[in-house]
Amino acid sequence: MSAFTAVDVIRTKRDRGVLTDGQIDWVVDAYTKGLVADEQMSALAMAILLNGMTAPEIARWTAAMIASGERLDLSGVSRPTVDKHSTGGVGDKITLPLTPLVAACGGAVPQLSGRGLGHTGGTLDKLESIPGWRAALSNDEFLAQLRDVGAVICAAGSGLAPADRKLYALRDVTGTVEAIPLIASSIMSKKIAEGTGALVLDVKVGSGAFMKSVADARELARTMVELGGAHGVRTVALLTDMSTPLGRAVGNAVEVTESVEVLAGGGPADVVELTLALAREMLAAAGLPDADPAAALADGRAMDTWRAMVRAQGGDPDAPLATANEVEVVLADTDGYVAEVDAYAIGVSAWRLGAGRARKEDPVSAAAGVVLHKRPGDPVRVGEPLFELRADHAQRIPAALAEASRAVRVSATPPQVAPLVIERIG
Ligand code: URA
């Protein structure tokens with residue numbers, strides 16, 4: 001007989017109490033094993049969302065989630081390991097150019113990524129638009145590629161933090177995703193279990209992000225930076241703007257194309273700026289402060305590493321990517337300046353076009369997505385293209401068009417464009 005019961009643990013948090021280490025260890029372990037029912041864990045997650053957790057509770061909860069599965073050992077990799085995690089946004093393809101860029105500068109990047117759900121895209125869905133590319137690697141394949149290429153982007157194996165896998169799926173359907181203790185422990189348990197030596201967090205703020213306010217994003221970032229430090233992972237965070245999509249492309253193949261443009265030394269200014277800012281943080285955290293990521297982009301080293309990384313996972317970096325059967329170009333009906341392109345509405349539009357999924361098991365379209373011809377601050381004349389929608393089927397267009405049209409606002413005077421990097425914590 002256990003000394004604990006789920007109902008007692010739920011009552012403690014419901015009544016704003018502090019959970020003991022024993023209660024936390026027990027409830028996380030028992031839930032992973034199926035001894036605590038989904039409805040009980042839902043009630044506990046809601047109590048945590050409403051009443052919060054202390055820093056020691058979050059640390060213990062994170063440790064219990066790590067202990068629910070395996071921990072990778074990256075000590076056989078000769079280069080310093082450093083990873084990046086974004087809390088998720090619209091058009092956020094930064095992992096694609098950043099991973100090979102940091103590897104080209106001497107780091108080893110063990111990037112375990114996820115798929116998109118709802119309005120935010122998933123890195124694996126984007127890469128799967130490259131013909132032949134394979135997301136699932138065994139632990140041995142993962143380690144060999146990390147040693148040989150220095151860059152891996154693949155699916156997290158089922159052995160890593162299984163408690164989080166189960167709890168995250170439950171939170172998704174019970175309105176309990178937006179709890180800072182649960183987001184912080186979810187992200188950090190996976191990153192710590194993955195074995196990286198250093199970690200840079202890109203905490204998004206704005207309409208397209210989980211965190212709508214800088215104050216909430218700051219609290220989440222501080223919580224995660226502390227958790228990383230407590231587990232021996234050098235962790236820093238950048239708070240970055242997600243009120244507008246990153247770059248011009250939102251979707252799967254379109255984001256791969258834009259990432260390759262960045263690796264070729266071009267691409268949208270904001271994508272280049274954030275890629276370089278995160279690369280500098282990662283290299284400093286990895287103990288490589290003298291590496292010059294801008295030079296590695298300019299001289300083709302990052303592109304060479306991208307090609308090697310894609311090939312190592314069965315992909316053909318030269319293969320043409322899927323194109324859409326239906327393209328709808330929307331023109332400006334007034335002169336002025338683009339004042340706003342709302343990230344959330346563009347994310348929903350891309351999702352309606354087929355780029356994202358409503359349920360975990362849904363397929364995604366490689367070709368679907370939104371391409372912005374104008375970004376906030378750009379001048380625009382009547383009749384110029386504002387954005388285009390791409391889909392496999394025409395019936396996807398009307399609902400996506402309604403969302404995207406809501407997202408874009410043109411004003412008579414130039415807007416103030418917010419800075420991309422808002423704050424650094426670490
Ligand atoms: N990403 C995660 O991995 N977990 C969360 O809880 C939220 C975003």
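The values are calculated or read from the model by the stated rules, or taken from the named source; none is laboratory data. Worth saying up front: this structure is predicted, and the values here are computed from it rather than measured. Using ideal geometry, Cβ is built from the backbone for each residue, glycine included, and neighbour counts are taken over all protein chains shown. Heads up: the accessible areas ignore ligands, DNA and RNA and are worked out on the full protein's heavy atoms, side chains in. Shrake-Rupley method; radii C 1.70, N 1.55, O 1.52, S 1.80 Å.
Inspect the stretch 21-29 for any residue being without any contact (Cβ under 8 Å) to a residue 12 or more places away in the chain and either charged (D, E, K, R) or in a helix (DSSP H, G or I) (or both) and give the result as yes or no. No, the stretch 21-29 contains no residue that is without any contact (Cβ under 8 Å) to a residue 12 or more places away in the chain and either charged (D, E, K, R) or in a helix (DSSP H, G or I) (or both). Taking the criterion of being more than 23 Å from the chain's Cα centre (by Cα), within 24 Å of residue 157 (Cβ to Cβ) and surrounded by 18 or more Cβ atoms within 10 Å (Cβ to Cβ), the only residue of the stretch 37-63 that qualifies is 41. Look at the stretch 243-255: where a residue is of a type in the set (Lys, Arg) and a partner is modelled with pLDDT of 95 or more, sitting 6+ places away or on another chain with Cβ atoms under 8 Å, you get 248/91; 248/258; 248/268; 248/371; 248/372; 248/373; 248/375. Filtering 247, 287 for residues that are assigned by TED's automatic domain parsing to the domain that holds residue 221 and touching a helix residue (DSSP H, G or I) at 6+ places or on another chain (Cβ under 9 Å) leaves a single hit, 247. Selection within the stretch 206-227: residues that are surrounded by fewer than 24 Cβ atoms within 10 Å (Cβ to Cβ) and without any contact (Cβ under 8 Å) to a residue 60 or more places away in the chain. The member of this set that is farthest from the ligand (Cβ to nearest atom) is 215.
Look through the stretch 170-183, keep the residues that are over 17 Å from residue 33 (Cα atoms), of a type in the set (A, V, I, L, M) and more than 9 Å from the ligand (Cβ to nearest atom), and return whichever of them is surrounded by the fewest Cβ atoms within 10 Å (Cβ to Cβ). Before the answer, list the steps.
Looking only at the stretch 170-183, we keep the residues that are over 17 Å from residue 33 (Cα atoms), and these are 171-183.
Remaining after also requiring of a type in the set (A, V, I, L, M): 173, 177, 179-180, 182-183.
Cutting the leftovers down to more than 9 Å from the ligand (Cβ to nearest atom) gives us 173, 180.
On the way: 173: 11, 180: 22.
It comes out as 173.
For the stretch 187-201, how many residues meet the condition of being more than 21 Å from residue 67 (Cα to Cα) and either within 12 Å of the ligand (Cβ to nearest atom) or open to solvent by 10 Å² or more (accessible area, probe 1.4 Å) (or both)?
Residues of the stretch 187-201 that are more than 21 Å from residue 67 (Cα to Cα), as a first pass: 200-201.
Cutting the leftovers down to either within 12 Å of the ligand (Cβ to nearest atom) or open to solvent by 10 Å² or more (accessible area, probe 1.4 Å) (or both) gives us 201.
Here the count works out to 1.
Among the residues of the stretch 69-94 satisfying the criterion of being within 16 Å of the ligand (Cβ to nearest atom) and either part of a strand (DSSP E or B) or open to solvent by 10 Å² or more (accessible area, probe 1.4 Å) (or both), which is nearest to residue 247 (Cα to Cα)? Among residues in the stretch 69-94 that are within 16 Å of the ligand (Cβ to nearest atom) and either part of a strand (DSSP E or B) or open to solvent by 10 Å² or more (accessible area, probe 1.4 Å) (or both), the one nearest to residue 247 (Cα to Cα) is 92. Taken as a whole, the structure places residue 158 among residues that are among the hydroxyl-bearing types (Ser, Thr, Tyr) and more than 13 Å from the ligand (Cβ to nearest atom).
Let's see how each residue does on (1) modelled with pLDDT under 95; (2) away from the ligand (no atom under 11 Å from the Cβ); (3) over 16 Å from the mean Cα position of the chain (by Cα); (4) under 24 Å from residue 53 (Cβ atoms):
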position	(1), (2), (3), (4)
100	no, yes, yes, no
113	yes, no, no, no
116	yes, yes, no, no
168	yes, no, no, yes
185	no, no, no, yes
204	no, no, no, yes
